[in-house]
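Following: one structure in structure tokens, then a few remarks.
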Amino acid sequence: MRLYTVQVKTPVGGVNRLMAEDDGMLVDLNAAGGVYYQAQGDTNPQQLADANLPNDMITFFHNGERSLSAGTETLRFIREKTPAQGLEGQQLVYRLCDVTVLAPVTRPNIIFDGMVYEGHVKHHYGEIPKGYYKRPVWNTQSGSTVVGTGAPLYKPSYTSQFDFEFEMGFYIGKRGFSIKPEEALDYVAGFTVFNDVSARDAQADEAVMALGPAKGKFFRNSLVMGPCVVTKDELPDYDDLAMTARVNGEIVTENRTSGMLFSLGQLVAQISEDVYLNPGDFIGLGTSPEGNTTCSKLGRWLQAGDEIEFTIEKIGTIRNRVEEA
């Protein structure tokens, strides 16, 4: 299933809705679910839709198979019966151009960003630190700077080295503690495209204190996710998908999600050791080998006016334009 969080216009302003893609259109699962359950003869159809098809992505993840099954049945019903409207006259089906696509989870609880691609580490450090091979490493970031495709990338006033980082990431779907590597996929809700935007000069200044990035990564609209989350059942080959980055329409990076030194399972196991992961937590696998400006064909830092496009096969494209802060 391809799940989106979008904002739709209403007489009282923008309202966020959870939708699923079906044949290029978006179906409002909660509103459509009410019609579906009414057709099944349920006496409280909208109440059942609210429980099984919530308008919040984290709650949808938390429900697990209950929401996935309800979503699949609702999409099938809408495809076959094509009802005109919801129980209260709501629109059920939208074109992508009629909504504003947000990040799939608009405010993740926490972001863990890994570094599983050896090629990126070599580029970043020159000589790879020996400690890199001991275990997966990551940094943590706040969900307060997360945005979706189409949002501007604001180049901070304090940087002259504005960089992108092309990654694939995934959301945790259920609570887990000290998760075993071989069980990690059981805790994954689905995958998305991720741009971990960075101010490299600030990051370098901060690195001398060995506390991890601060203003190098924490600024307005610094984390881009989307355009949707693709549930893991639709991506059994998540570890071998084509990754293509474009700047101003020109291809600057062509990588694949394969070639990870540490597996997804190893990364999840290391992060969750002696601590809980929760539905809605986000984990980035790390920048692909040619996934930032200076090791890509672009060969320069980003400037105002640049349009960045990241595409991962079978997931989709996020597209954002650089603006001065």
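Of the chymotrypsin sites (Phe, Trp or Tyr not before Pro) found in the stretch 104-158, the ones in coil according to DSSP and having at most 16 other Cβ atoms within 10 Å of their Cβ are 158. Volume per residue for the chain equals 135 cubic angstrom (convex hull of Cα atoms). Listed cross-link partners 134/217; 232/314; 217/314 are compared with a 23 Å cut-off, the Cα-Cα value being larger for 134/217; 217/314.
Stokes-Einstein diffusion for the stretch 190-247 at 20 °C, viscosity 1.002 mPa s, with a Kirkwood radius from C-alpha pairs, works out to 156 µm²/s. Here the sum of -39500 (n - 2.57) over DSSP H runs of 4 or more residues, divided by the residues of the chain, equals -6000 deg cm²/dmol at 222 nm, to the nearest 500. Per-atom-type breakdown for the stretch 1-129 gives carbon and sulfur 47% of the accessible area (1.4 Å probe, protein chains only). Of the GluC sites (Glu not before Pro) found in the stretch 55-119, the ones in coil according to DSSP and having at most 12 other Cβ atoms within 10 Å of their Cβ are 88. For the stretch 1-131, the solvent-accessible area with a 1.4 angstrom probe is 51 square angstrom per residue. Based on C-alpha pairs under 8 angstrom that are at least 6 apart in sequence, the stretch 1-127 has a relative contact order of 30 percent.
Our coupling estimate for the stretch 294-311, obtained by passing each phi through the Karplus curve with A = 6.51, B = -1.76, C = 1.60 and θ = phi - 60°, is 6, 9, 8, 5, 5, x, 8, 6, 6, 10, 4, x, 5, 10, 9, 10, 10, 10 Hz, Gly and Pro reported as x. Note that the stretch 96-252, at 25 °C in a medium of 0.890 mPa s, gets a Stokes-Einstein diffusion coefficient of 142 µm²/s from its Kirkwood radius over C-alpha pairs.
Between residue 40 and residue 208, how high is the FRET efficiency from 1/(1 + (r/R0)^6) when r is the Cβ-Cβ distance and R₀ = 51 Å? Nearest 0.05. The calculated FRET efficiency here is 0.20. Taking all Cα pairs closer than 8 Å and separated by 6 or more residues, the relative contact order of the chain comes to 22 percent.
The values are calculated or read from the model by the stated rules, or taken from the named source; none is laboratory data. Keep in mind the model is a prediction, meaning the values are calculated, not measured. Note: ideal-geometry Cβ built from the backbone for every residue, glycine included; neighbour counts use all protein chains shown. Remember, those area values only see protein heavy atoms, side chains included, never the ligands or the DNA or RNA. Shrake-Rupley method; radii C 1.70, N 1.55, O 1.52, S 1.80 Å.
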